[in-house]
Amino acid sequence: MIGSPDLVAFTKEDEYGEASPDPWALPEEFSVPLYPLADSNPWAKTSYAKFTKDFILISEFSEQVGPQPLLTIPDDPKVCGTFDLNYFSLRIMSVDYQASFVGHPPGSGYPRLSFVEDSRVVLGDSKEGAFAYVHHLTLYDLEARGFVRPFCMAYVSADERKIMLQFQELSLRFSQASECLKTGNRRAFAKELQRKLRDLEYTRSVLQKEEGLQREAGPQGIYSAHAVEKANELANVEKSIFEHRDLLRQISSYPRRPRRDPHAVTCPKCMTECLSEYEELLDKYATFASPLNYTEKGERREEGEGQTCEEGGEEEDDDEEGVKRRPSYIPQLIKAKSAKCFDKRLKTLQELCDETYYTATVELLKETERSFRGDLCYLHTRRLDGALRRKQKVTNFLFEEDLGEDDEEDGGTLRPFCAVNHAVDNSTLTHPPPIVLCPEPLELDALEPLDPLEPVSETSHTLESELGPGESQLESSPSDQTLETQESSEATKGSFSSEKSMEGHADGEQSLASMRSEPPDPDPDLTPDPEHNTDLERESSSEEVETTAGEDEADTGGDQTPVSLLEGASELEDGKQEECEGQRESGREGVTEEVCETEPELLVQIDTACCMAQDGFLYEASVPDSVPDVGHSSHPQPPHSLVVNQEPQALLPLQGDYAVGSPHSESPTPGLELPVGPPGDTVSRCSAEDGSDCTMSASTGSDRAASPLGYGGVVTLRQRKKAGQGALRFVRQYPFALQALWCLLSGRTLVVLGADEGRVRRLVAALALFVPGPGRCGERVQAWLSCPFTLTDLQRWKLIGLQRVASPVGSSMLYSLSRYSRYIAILDTDQKTLRCPPYRGQLLANIADHRTYIRRGSTYFLHVQSTLSSLAAKAFLFTFTHHLHMPVTSTEGPEGLEARRRSFLQEQLGLREEDSQILLYLSQLITQQYLQPATGGSAAAPCFSFNYTTSFLYKI
Amino acid sequence: MSSGCPPQSPAVAKSEVPIEGECPLLAATFAYWDNILGPRVRHIWAPKGDQALFLSDGEITFLANHTLNGEILRSAECGAVDVKFFVLAEKGVIIVSLIFDGELKGDKNTCALSIILPQTELAFYLPLHTICVERLKHVIRKGRIWMQKGYNIISVLSSEIIPIMELLSSMKTHSVPEEIDIKDTVLNDDDIGDSCHEDFLHKAISSHLQTCGCSMVVGSNPDKVNKIVRTLCLFLTTAERRCSRLCKADSSFKYDTGLFVQGLLKDSMGSFVLPFRQVLYSPYPTTHIDVDINTVKQMPPCHEHTYNQRRYMRSELSALWRADSEEDIAPDTVIHTDETFTPDLNIFQDVTHKDTLVKSFIDEVFMLKPGLSLRSTYLAQFLLLLHRKALTLLKYIEDETQKGKKPFRSLRNLKTDLDLTVEGDLNIVMALAEKLRAGLHSFVFGKPFYTSVQERDVLMSF
């Protein structure tokens, strides 16, 4: 019998072919490979490139040395590796795509500036495996040939497809950078012209004086050769003045010229600013300056060389607003020559451009490099993911991270903006501070942008924004506060380091203001370094866009070995570091390095035994960027006064909260109204008695830490991915993980009990992935609680990390645990047990299989994400399937509806009882979110329900 | 002795191509680097008719010459085709140039085949870029053989330049819009089966997704065809929709390689001639949907399709190489047989793999009330689920194989871990992943497939 190994030997076509080559055989260079590289390794397509990561290269076609690389972003030699930048610069700069002419065009008396549009080219070097998007632009330089200096900015990548598929985004980003650079260059060029004109006018005045002296010295009507020479020199200088004036006029006309490039991105604000500046300059140099002025100044200068020329200095200050090159400018005597033949030391790119604009351009390019970093397939999927999520806003709150940044990103790529003004204006809108426990109205508004018919909430948002969080909290009466605002305000109490945070914020403002400021700084050394701000931004999001592939390097190892949750005390520190990293990486501007560095100080470890004072860590709320810091500096609030003022408010919103879950809010007793709950007789709901319990709860469990994920900040995708690793460990280590996940997904509060805070926190962070509707900042998760919880807490939190302590408080905690044990699930991390009702469904089997072969946390996170989105879709279907919620006939009662729902879940969707409970819970949340988007959704539970099913104790 | 005069410039030949409707292409050019004269334009193709924008021959020549600038430094491997893409705002044009080496008059020259469009068509053109480039690349392969043999390359190039002009012209009028109103699709029906049979719809969408979103819809009724085209396009990304075409009401377009979904009208006899070669050259396998008789057929999966495609290409190029004269083989001839390769003309097979993903989606989506955007939301959720599953699968394989360094041996585990045990589900998710990471099918399924093909070939040769 012939087996396949025997046959394969015969299938080697080449062996005989090599011996006697067929003259008619097609040479390989004219053929296509039958097994290209991509078949054997789809990831290896770009492996032959000599650089490791994509980078941005700025090159110049120097008139002295030819094409040369100037700088790379990131500015790290490791990025380019052995890739020959000189050669590549030669390749990308070897063509003058702009076809500009130089010098005097025919019929024109003066040299002309050529205003050429940028050109964009995608090209590659297939041998080197390098491909580039190249953006060609021209800058002006008075000393350069034809006054032009050709530059290009190139995005270099090993993946040609990545460039072509993102051509429009690249083009937009580089057009923005180019416009910014060119605007700065025109300003610098105009100033250079201004200085040159001053020199020329000064020279003219000197020559005039000398010529006058010559004339007077000689006999009347007869001019000596020296006098004639002086007169010629004077004429040349005057001609040169006319030429330069004309150049000034030309550069001033730049903003008014019609654009031929439909893809150019211009900022009207910048244009207007430039235009007014140019007009001033034009007015000023329309006529020759009075020779007397310069003569007097010259004399004065000759008298006291080295002294500051006051008048000149003042004048310069007036003239050169925004210029920090020199505090003053002293005109110099120059030889009258053609404008083309001046000193040939070519300026650097930085010198060619106004400093502010140059810095903004480099920042913009850095941001561009960051946003295009990573593998194309992940970039592509992320965009697709964002676009699809935007179409399902009604269910996003369940398991998806906030879309705000994506929205911004998309908006940013589509709308024209100016790098300089953007850096100042938009930062306040788009990048909240890293640690924010902002008042709930802000969050809810942000979460619910769909509802344009909500003028009230809009107004309140605006009002609060204007007041600032502190003020709004102080001014709102206790009864106005919702539970969420109370949570937020609680989180701000005791923040002894709030001043520091404010300072950090103020510093940020200051440095931004310095970028904005127009008047020159008399002492450049005292000027706040604009790099400071931008460097921090770079730091803050240096790894933001790293794809999952990038993250894998971080979590390698942890996944591959058998895992243990007993990582020891270092976990907590790790956690903090991760948070800090996460905040940095989330790319929010306004994140000061200081905040991250000082975070250990912000995390105040307080005696956990005393629950009245605190529980665990407190995180201060810094001021959101969107809120002007009105009143914060002028009315600093003593931290302790906040604690005192806001503590009692914790009691107030509870009743309202119970009403939230009901779709039938017209009930005469809204506080006690119960929503349509899951089917089954065994299910009860919160009653008025529970309300009394609530009172007790609020008075005791007063001090709550913020979210375990975002520490009060918005939970980011990266944090969730990190949590994925913890979740995978949990699933692998605990065979009863399935039950725990079911509890979370069906709305049963899970208490994670343990003595080791780090372990509990990490486990909570991991399990928080499975909490439906955790809130934008994870409000429904309590990472670490060191006091007994109450029934109200079970309503507020669906996942609680509880400290096990051996003290009187500890015994009361155990009491609370046993008291509410029928309503909750208890995961004991010390005993490694779980107490909860049994789960016999199938829906979750796939995400909680401890025998899974998924190796990495990031992969597991993706798997969980797709499973959860499938659950959300099913819940959406159940919620909005019309006939399940409306009687088909007028005679049909609630029992009929109930039966239909049951039948739908069991027969149509094929779900068991436990799986149905998940969908019912998710459906309730969706209903609540849909009916009351302004108050529901993210932070408030739909209703409090519990199940009398017997609990079991699961052990490893 | 030199007379002191520059050598006579060869005249630039020009072909005017009659195109129906508005052609967004301004011109196509073939230029080469002459070792004495520098860049020279050899041939210009320009659409004939009333064009909104017009470039003079001088301008075209100027632009075409520019495409070769800098190529004196070219150090690519022999036979490589490099693509350059210019957006020249000063001239208001886009130029796509394919740079390659070829033999002209006994010398190795660098050549450029370029197409020129107005800059205003950038957004229109970009999604179609890959299609145009891939088609031009293949015609260049053929052209290089012709050049090597000393034959006229222009006729070979014309065989693809003209269809590309026609394609762009047809896309200008009949491309599927980026945003599709669900009301124009089958998914807006009150009940499943209103427009078409439930099983047919399920099969069509499932197969469409299994073949990477690449389908052709044929039928006699243009409205019916277009409704299915729009329905299938709902499952594509916006860029892919811009590479899809509705059918023309009065007469049919020709089949165009590379489009994702295309509607094609049958003739009065109720038949449609399917060009085997063009279908095989499509980057992905294709689903064939006949709305008249409610049949759905599909081509083999990606790895088989790619393999067949490459073998066919090699045979075609070999046949050209063996041709004795220019007239021997018309450029578009189907290669029916070769010593080593006989193409299987029966490339469309029944859809055998059932899935649960599309099945449950189709069953469920019609439960939602139409006209309230509920179905659009549910569709978005379904697509999100598919894309996430595809990314998870990709990541799973990436982890297992250390980014392709090791062979993938755990398909069974993958199916269990990612809940893809149903073959149809796996096919759908794999197809989406293939679009994200080209070559994935060949990497996962290629080895056993190649071995079995080789075994079959060897057995047949006995």
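A short reminder: the numbers here are calculations on the coordinates, not readings from a lab. All figures in this text were calculated on a predicted structure; none of them were measured in a lab. Quick reminder, even Gly has a Cβ in these numbers, built from the backbone with ideal geometry, and neighbours come from all protein chains shown.
Could you work out Rg/(2.2 N^0.38 Å) for region B:13-174, with Rg from alpha carbons only?
Numbers: Rg = 14.8 Å, N = 162, 2.2 N^0.38 = 15.2 Å.
So the Cα radius of gyration is 0.97 times the expected 2.2 N^0.38 Å.
Report the percentage of all Cα-Cα pairs in region B:365-461 whose separation exceeds 15 Å, rounded to a whole percent.
Summing the P(r) tail past 15 Å for region B:365-461 gives 68 percent.
Taking 28 Å as the cut-off for C-alpha to C-alpha distance, list the pairs among A:Lys50/B:Lys149; B:Lys48/B:Lys84; B:Lys297/B:Lys405; B:Lys415/B:Lys447; A:Lys50/B:Lys435; A:Lys721/B:Lys84 that go past it.
Where the Cα-Cα span goes over 28 Å, the pairs concerned are A:Lys50/B:Lys149; B:Lys297/B:Lys405; A:Lys721/B:Lys84.
If you project the alpha carbons of region B:74-156 onto their three principal axes, what span does each projection cover, largest first, in Å?
The principal-axis extents, from largest down, are 40, 22, 22 Å.
As I understand it, the dipole of region B:365-461 uses +1 on the Cβ of Lys and Arg and -1 on the Cβ of Asp and Glu, about the Cα centre. Which of B:Phe445, B:Gly424, B:Gln381 lies farthest toward its positive end?
B:Gln381
In peptide B:92-100, how many Cβ atoms from other protein chains are near each Cβ within 10 Å, on average?
1
To the nearest whole number, what is the average tally of beta carbon atoms from other chains within 10 Å of the beta carbons of peptide A:850-862?
Working: counts 0, 3, 4, 10, 9, 5, 4, 0, 3, 12, 5, 2, 10.
Other-chain Cβ atoms within 10 Å of each residue's Cβ, averaged: 5.
How far is helix B:129-148 tilted, in degrees, relative to the longest principal axis of the Cα atoms in chain B, given as a value from 0 to 90 rounded to the nearest 10?
Long axis of B:129-148 versus the principal axis of chain B: about 40 degrees.
Can you order the peptides A:64-70, B:90-96, A:724-730, B:413-419 by their average number of other Cβ atoms within 10 Å per residue, highest first?
A:724-730, B:90-96, B:413-419, A:64-70
Just add up the charged neighbours of A:Gln842: K/R +1, D/E -1, any other residue whose Cβ is under 12 Å from the Cβ of A:Gln842.
So the surrounding residues net to -3.
Using mean Cβ contacts within 10 Å as the protection proxy, how do A:838-844, B:285-291, A:375-381 order, highest first?
B:285-291, A:375-381, A:838-844
Using unit Cβ charges (K, R positive; D, E negative) and no other charged atoms, how large, in debye to the nearest 20, is the dipole of region B:365-461 about its Cα centre?
260
Find the all-direction average of the projected area of the Cα convex hull for region A:727-876, expressing the result in square nanometres with one decimal place.
The directionally averaged projection comes out at 8.8 nm².
Once you order the gyration tensor axes a ≥ b ≥ c over the Cα atoms, which shape class does region B:169-308 get: rounded for a/c under 1.5, otherwise prolate or oblate by comparing a/b with b/c?
rounded
Of B:Cys196, B:Ile154, B:Leu167, which is farthest along the charge dipole of region B:140-202 in the positive direction, counting Lys and Arg as +1 and Asp and Glu as -1 at C-beta?
Of the candidates, B:Ile154 comes out farthest on the positive side.
Charges only on Cβ, +1 for Lys and Arg, -1 for Asp and Glu: so what's the dipole of chain B about the Cα centre, in debye to the nearest 20? All intermediate terms of the calculation are to be shown ahead of the outcome.
Numbers: 50 positive and 59 negative charges, 241 e Å.
With only Lys, Arg, Asp and Glu charged at Cβ, the dipole is about 1160 debye.
Restricting the count to DSSP beta bridges whose residues both fall in region B:13-174, what percent are antiparallel, rounded to a multiple of 5?
Of those bridges, close to 85 percent are antiparallel.
Taking every DSSP beta bridge that has both residues in chain B, what percent is antiparallel when rounded to the nearest 5?
In chain B, DSSP labels about 70 percent of beta bridges as antiparallel.
Counting pairwise Cα distances across chain B, what percent come out greater than 31 angstrom?
49
For chain B, find the longest principal axis of its Cα atoms and tell me its angle to the long axis of helix B:374-401, 0 to 90°, nearest 10.
70
What do you get for the angle between helix B:222-233 and the principal long axis of chain B? Use alpha-carbon atoms, 0 to 90 degrees, nearest ten.
With both axes taken from Cα atoms, the answer is about 80 degrees.
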